[in-house]
Amino acid sequence: MMRALALLGLLAVTGCVTTADQAPTVGNYRGQPSAPIVARLGPPEAQEATATAAVYRWQTSILQESVPVTRTVVSYATNIPSTSDVTTFQPRRQYCSLTMTVDTAGRVTDFTRDGSLQACAPLLDKLGT
């Protein structure tokens, strides 16, 4: 009976485990055809072509409403400088860029993510990663 309760407790805790903190990788798309990826992400914001490859770039950004920003303030109210740290909450924009390099056969040779996971979420959700 005690083993059954322990196993039940383990299963309950295991069901709560999440992988949301782990960074999804776009590198897993190397070697795959590029057309389905472009179809999922939509038209790229930038596209460059060379004799041996094409480079596609998608970009997005999000506005975080309240990011804590701490700054040091110097006061001379008593004719003696005194410093104090002041924390305010300000909006801050985060950016994301996905860059995919495709060979002449249409296969992904490189796929990278540059930016915060929060800013990249709209693009990564389209890929299902």
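For region 36-76, backbone nitrogen atoms closer than 18 Å to the point 7 Å from PHE89 Cα along Cα-to-C-beta are found at 63-71. Here the Karplus relation 6.51 cos²θ - 1.76 cosθ + 1.60, evaluated at θ = phi - 60°, turns the backbone of region 116-121 into coupling constants of 6, 4, 5, 5, 7, 3 Hz, with x for every Gly and Pro.
In plain terms, the residue of VAL74, VAL67 with the fewest other Cβ atoms within 10 Å comes first and the most crowded comes last, giving VAL74, VAL67.
Just grab the label-to-label distance for THR52 and ILE80, each label 7 Å out from Cα along the Cβ direction, in nm (one decimal). Modelled inter-label distance: 6.9 nm.
Restricting the chymotrypsin sites (Phe, Trp or Tyr not before Pro) of region 42-115 to loop positions (DSSP other than H, G, I, E, B) with no more than 10 neighbouring Cβ atoms within 10 Å leaves TYR76. Residues CYS96, CYS120, arranged from fewest to most other Cβ atoms within 10 angstrom of their Cβ, appear as CYS96, CYS120. Let me make sure I get this right: for region 47-91, a, b and c are the square roots of the gyration tensor eigenvalues over alpha carbons, sorted descending. Under 1.5 in a/c it's rounded, otherwise prolate if a/b > b/c, else oblate. Which is it? Judged from the Cα gyration tensor, region 47-91 comes out prolate (a/c at least 1.5, a/b above b/c).
Specify whether the C-alpha gyration tensor of region 80-121 places it in the rounded, prolate or oblate class, a ≥ b ≥ c being the square roots of the eigenvalues: rounded for a/c under 1.5, otherwise prolate if a/b is larger than b/c and oblate if not. The shape class here is prolate. Sorted fewest first by neighbouring Cβ atoms within 10 angstrom, THR112, THR60 come out as THR112, THR60.
Quick check: from the Cα gyration tensor, does region 16-123 come out rounded (a/c under 1.5), prolate or oblate? In terms of gyration-tensor shape, prolate.
The GluC sites (Glu not before Pro) of region 31-78 that DSSP puts in a loop, and whose beta carbon has at most 12 other beta carbons within 10 Å, are GLU45.
Read-outs throughout are calculated quantities, based only on the coordinates presented, and are distinct from any laboratory measurement. What you see is a predicted model; the values in this text were computed from it and never measured. Reconstructed Cβ throughout: ideal geometry from the backbone, glycine too, with neighbour counts over all protein chains shown.
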